[in-house]
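Undergrad: Before I ask anything, here is the structure I am working with.
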Amino acid sequence: MQTVFLLCLITQSWWTSYGDPELDRIVSKALESNLDLQSAAQRIAEARALTGDSKSKLGPTISATASAQQLRGGFAQGITRLNQTPGGNFVSPFETGLLLGGLDMKWELDLFGTNRAALAASKSDLLAEQQKREDLAITVSAEVARYYMELRGIEDRLAITQRNIEAQKQLLRLTEDRVKAGLASQLDLERQTVLLANTEATVPGLEADRTLHLNRLAVLVGDEKFRNTTLAAARPLEAPKLAAELPSEILKRRPDVRAAEARLAAAMARLKQARTDLYPKISLNGLMGRQGTSLSTMSLGGGNFFSIGPQLQLPIFNSGKIKSNIATNDARLEQAKVAYQSEILTAFEEAANAIASLQRQREREAKLSVASQSARSALDLSMDLEKAGLNDFLSVLDAERSLLDADYQRSLARTQVLVESVALYKALAGGWPN
């Protein structure tokens, strides 16, 4: 149920647009098991309980009272005993039991809206916590997607490195044979050996990065065992197409903006509540019950008692406490206004930056794809020329290094395009401008 609720909070399951079932599975698991999201759910439960407490103050409170006492005299309780001895005191001391049961009622008539303002503030606080949880859900899903895509990029570069290692090993064996045949020099052999060793040296670093990303994903999904998971192979990821313009109204659904708006509403309600302290408070109090010296006397009519009537409380002198409280809440309201404006500006900034970065990264990837194709053609041509004796072996090594670097840069650019597309999804609260 928790996963379904979280998925409903997010505007749409934006990660499914990448068409990767493995990504869908990991994000769903994170939304279900992430510990930060579980903590946010408890904060919502707390805010909901506080809202119920504020709502309860709008109605009357009725409590039952019961007591059993053993007393001597009984004057305070209205119980006396006449002395029957001639010449004695009119009232004599005595010792008896006293049983009492009744109902106590109090109802504050919210004429000036004190309790209604408190309830409105509590509801706004609840809404703010819900929006913060939704914002956290979007952040968690975006973080999972980013680390997953970076992990796929690392695996892609590992595959590129392994392919180059195999090609360089093959070229090294070929060079050894040519050295034996007198068609190449020992220097050519040493240079190829150095290139192969340098290429193999990049593998441990990439594997370490892969482990770090798996560890981070394990934290995000809230499962330590995930770090040992072998991810299923997936087709190459592609970022969805980007719209040319960004509608400004799409940013209104960002949870952080809505949370700031809710906090602003809560501050306004609390200022109204503080101002009502200047007005009188009117309560309706009531009391009714029965008392007697034994269970049998509880049924006698003489033991009945009741009272009912209004109570007026009017502030006269409090050393400026009420005015200070009003000034405090007024300042908090101004702070909430500034925070709301700041959230809107930040939302526009993040969205605009994400769009610009994604566009530039797409252009960079396109250029690097061309460079990679040219580097591969250059390597094939250098090898053919070297075999024909029209070029030296150094040009082949340079072409190999150029190809490896071009493939690396293209892989990095492709990964960065995916990461920037995730950043844009996050900036638009899971939405994408159509």
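Undergrad: If we scan region 126-147, do we find a residue that is surrounded by fewer than 22 Cβ atoms within 10 Å (Cβ to Cβ), under 27 Å from Arg275 (Cα atoms) and aromatic (Phe, Trp, Tyr)?
TA: no
Undergrad: To continue, here is another question. Residues Glu350, Glu343, Glu365: which one is surrounded by 17 or more Cβ atoms within 10 Å (Cβ to Cβ), closer than 28 Å to Leu403 by Cβ and at pLDDT 85 or above?
TA: Only one candidate qualifies: Glu365.
Undergrad: Now for a different question. Got a number for residues in region 341-390 being farther than 30 Å from Ala184 by Cα and not in a helix (DSSP H, G or I)?
TA: 0
Undergrad: Now a separate question. Considering only residues of region 13-56 that are surrounded by fewer than 16 Cβ atoms within 10 Å (Cβ to Cβ) and not in a helix (DSSP H, G or I), which is modelled with the highest pLDDT?
TA: Ranking the qualifying residues of region 13-56, first place goes to Gly19.
Undergrad: Is there a residue in region 385-394 that is within 26 Å of Glu155 (Cβ to Cβ) and either in contact (Cβ under 8 Å) with a residue 12 or more places away in the chain or in contact with a helix residue (DSSP H, G or I) (Cβ under 8 Å, 6 or more places away or on another chain) (or both)?
TA: No - not one qualifying residue is present in region 385-394.
Undergrad: Would you check if there is a residue in region 117-132 being at pLDDT below 90 and either among the hydroxyl-bearing types (Ser, Thr, Tyr) or more than 30 Å from Asp53 (Cα to Cα) (or both)?
TA: Taking every residue of region 117-132 in turn, none turns out to be at pLDDT below 90 and either among the hydroxyl-bearing types (Ser, Thr, Tyr) or more than 30 Å from Asp53 (Cα to Cα) (or both).
Undergrad: Could you please give the count of residues in region 273-312 that are part of a loop (DSSP other than H, G, I, E, B), modelled with pLDDT under 85 and loosely packed, with under 15 Cβ neighbours inside 10 Å?
TA: The qualifying residues number 3.
Undergrad: Follow-up. Those residues that are of a type outside the set (A, V, I, L, M), surrounded by 14 or more Cβ atoms within 10 Å (Cβ to Cβ) and under 14 Å from Val396 (Cβ atoms), I need them from region 158-180; list them, please.
TA: Across region 158-180, the qualifying residues are Asn164, Gln168, Thr175, Arg178.
The values are calculated or read from the model by the stated rules, or taken from the named source; none is laboratory data. Since the structure is predicted, the reported quantities are computational estimates derived from the model, not experimental observations. Backbone-built Cβ (ideal geometry, glycine too); neighbour counts: all protein chains shown.
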